[in-house]
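A.B. asks: Can you keep this structure in mind? I'll have questions shortly.
Read-outs throughout are calculated quantities, based only on the coordinates presented, and are distinct from any laboratory measurement. Everything numeric in this text was worked out from a predicted model, so none of it was measured. FYI the Cβ positions are ideal-geometry reconstructions off the backbone, even for glycines, and counts take in every protein chain you see.
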Amino acid sequence: KDSEALRKTMTATEHHHLFSNISVIHKISHRFFQDLEQRHNEQLMIRDISDIVQNHAAHHFDPYIVYCSNETFQQRTLQKLLNNNAAFKETLKQIESNSECGGLPMLSFLILPMQRVTRLPLLLDTICQKTPAQTAE
């Protein structure tokens, strides 16, 4: 998202369709991780994270809805740019070849927020199954 070279190869609308509110999602995800990490630092044997999950689900979930709702535009825009914009395609190829990308295509990074939000209920179900019935969790 922050690549100036890539930004120059597309219109503002295409950039918005491609990246939507990913910066907000990044901040929210980072804050969620920080809250979980802080709990872990406070309690090596974590007794409860339900308050953290509840807080983030109640107050920070809407940006995920916006991001996931944009998926159709995102996919179409990416495909259009790859098919019709040689400058975009070449710049993206250079970015994807960077070791920081681990050889993964941009699409794999774009779908991460959607994967995260769909995996969270599975994680919580697993935690509930592994937690004794008499606990607050």
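A.B. asks: I want to make sure I understand the PRE zone here: with the label point 7 angstrom from the Cα of Asn83 toward its beta carbon, which residues in the stretch 106-130 have backbone N atoms less than 18 Å away?
C.D. replies: What the label zone holds, given the 18 Å backbone N cut-off, is 107.
A.B. asks: On to the next question. Given the peptides 35-44, 3-12, arrange them by the average over their residues of other C-beta atoms within 10 Å, most packed first.
C.D. replies: By packing density, highest mean first, the sequence is 3-12, 35-44.
A.B. asks: Further, regarding this structure: Rank Thr77, Leu122, Leu36 by how far each Cα sits towards the positive end of the charge dipole of the stretch 4-130 (+1 on Lys, Arg Cβ; -1 on Asp, Glu Cβ) and give me just the farthest.
C.D. replies: The one lying farthest along the dipole's positive direction is Thr77.
A.B. asks: Taking +1 at the Cβ of each Lys and Arg and -1 at the Cβ of each Asp and Glu, which of Gly102, Met10, Tyr67 sits farthest along the dipole of the chain towards its positive end, judged by Cα position relative to the Cα centre?
C.D. replies: In the chain, that residue is Met10.
A.B. asks: Can you tell me the length gained on complete extension of the stretch Phe33 to Ile46, counting 0.36 nm per residue apart and subtracting the Cα distance? Don't skip to the end; give the middle numbers.
C.D. replies: Details: separation 13, 0.36 × 13 = 4.68 nm, distance 1.42 nm.
Using 0.36 nm per residue and subtracting the Cα-Cα distance, I get 3.3 nm.
A.B. asks: Further, regarding this structure: Only Lys, Arg, Asp and Glu count, each charged at its Cβ (+1, +1, -1, -1), so figure out the dipole size of the chain about its Cα centre, rounded to 20 debye.
C.D. replies: On the way: 14 positive and 15 negative charges, 86 e Å.
Computed charge dipole of the chain: roughly 420 debye.
A.B. asks: What number, in percent, do you get for the relative contact order of the chain if the mean sequence gap of Cα pairs under 8 Å and at least 6 apart is divided by its residue count? Mind dumping the intermediate values first?
C.D. replies: On the way: 70 pairs, mean separation 42.1, N = 137.
After rounding, I find 31 percent.
A.B. asks: Given points 7 Å out from each Cα along the Cα-Cβ axis, report the Thr11 to Ala57 separation in nanometres with one decimal.
C.D. replies: It is 4.0 nm.
A.B. asks: Beyond 17 Å, how much of the Cα-Cα pair distribution for the chain remains, as a whole percent? It would help to have the intermediate numbers written out before the result.
C.D. replies: On the way: 6205 of 9316 pairs.
Considering the chain, 67 percent of its Cα-Cα pairs are separated by more than 17 Å.
A.B. asks: Tell me the label-point distance for the pair Lys93, Met114, using the 7 Å Cα-to-Cβ offset, in nm and rounded to one decimal.
C.D. replies: Modelled inter-label distance: 2.6 nm.
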